[in-house]
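Student: Please read through the structure below; I'll follow up with questions.
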Amino acid sequence: MSLTTLSGVNAYKGWTTGENTARDTQITAMIDGISARFETYCDRKFNSATYTQYYNGEGGRHLYLDQYPITSIANIWSDASWVWGSGTLVSGTKYRIVQNGQGVVFYDTITKGEQNIKITYTAGYTAIPADLQEACNEETADAWKDSTKSTGAVKSKTLPDGSVVYGEGGSSGYTPPFKAATMDILERYRNKHIV
């Protein structure tokens, strides 16, 4: 599930793992949270895993899957009665993974039906892409840095050598879920739900 590691975040920030065990513990806990937020925002999983999913047959020749890149397909069934017997198994010579790994193209048209296509496949990255790792490193390091700051209880205070303002900022009331650079990276991985 994690898109990076403690050593990855520490190396990104120039920190040494073990020099600050409290920070290391907090960062380790934050990595899974940031990774989960990335997956929620992109509406997909990134680490390689095996899935069994059901899709509506739309009568075309293409089927776009929820998880990608698809690395292998174990089985595809086409069965309007949902029995999924051997007689409904689609021959491996009748389909292939599309070039971008996001879907399957069939030799013949897919039979129309509701949830009549069952597919067991493996999808995701065995090695997380570097830009996604870097974005997770940065967001995790920033989350740790923000956790060490004030919680926003002080709204404004004038000091002899300057002033401090905490709390919600911006006039629109909208705060993007991640930094702009991270959002740019995540948009490249976001599930577009092609139909």
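The values are calculated or read from the model by the stated rules, or taken from the named source; none is laboratory data. What you see is a predicted model; the values in this text were computed from it and never measured. For neighbour counting, all protein chains shown are included, and Cβ atoms are generated from backbone atoms with ideal geometry for every residue, glycine included.
Student: Those residues that are in a loop (DSSP other than H, G, I, E, B) and farther than 14 Å from ILE119 by Cβ, I need them from the stretch 59-89; list them, please.
Tutor: Matches in the stretch 59-89: GLY59, GLY60, ARG61, PRO69, ALA80, SER81, VAL83, GLY85.
Student: Can you name the number of the only condition in (1) in contact with a helix residue (DSSP H, G or I) (Cβ under 8 Å, 6 or more places away or on another chain); (2) under 30 Å from THR111 (Cα atoms); (3) of a type in the set (Lys, Arg) that ARG61 fails?
Tutor: Evaluating ARG61 over (1) in contact with a helix residue (DSSP H, G or I) (Cβ under 8 Å, 6 or more places away or on another chain); (2) under 30 Å from THR111 (Cα atoms); (3) of a type in the set (Lys, Arg) leaves (1) as the failure.
Quick grid of which residues meet (1) assigned by TED's automatic domain parsing to the domain that holds TYR64; (2) within 24 Å of the chain's Cα centre (by Cα); (3) exposed (fewer than 13 other Cβ atoms within 10 Å of the Cβ):
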residue	(1), (2), (3)
SER91	yes, no, yes
ILE97	yes, yes, no
PHE106	yes, no, no
THR109	yes, no, yes
ASN116	yes, no, no
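Student: Still on this structure, I have one more. Take GLY101 and tell me if it is without any contact (Cβ under 8 Å) to a residue 40 or more places away in the chain and either within 16 Å of ASN191 (Cα to Cα) or not in a helix (DSSP H, G or I) (or both).
Tutor: Taking the combined requirement at face value, the residue satisfies it.
Student: If I go through the stretch 157-195 residue by residue, how many of them are of a type in the set (Ser, Thr, Tyr) and either modelled with pLDDT of 90 or more or touching a strand residue (DSSP E or B) at 6+ places or on another chain (Cβ under 7 Å) (or both)?
Tutor: Final tally of qualifying residues: 3.
Student: Can you go through SER7, SER48, SER35 and tell me which one is touching a residue at least 12 places away in the same chain (Cβ under 8 Å) and more than 30 Å from VAL90 (Cα to Cα)?
Tutor: From the options SER7, SER48, SER35, the qualifying one is SER35.
Student: Something else now. Which ones in the stretch 65-87 are of a type outside the set (A, V, I, L, M, F, W, C) and surrounded by fewer than 18 Cβ atoms within 10 Å (Cβ to Cβ)?
Tutor: Here is the first cut: in the stretch 65-87, the ones of a type outside the set (A, V, I, L, M, F, W, C) are 66-69, 71-72, 75, 78-79, 81, 85-87.
Hits for the stretch 65-87 are ASP66, PRO69, THR71, SER72, ASN75, SER81, GLY85, SER86, GLY87.
Student: Right, next: Any residue in the stretch 70-86 that's at negative phi: show its pairings with residues that are of a type in the set (Gly, Ala, Ser) at Cβ separation under 6 Å, as long as the two are six or more apart or on different chains.
Tutor: Correct list of pairs: ILE70/GLY101; ILE70/ALA123; ALA80/GLY113.
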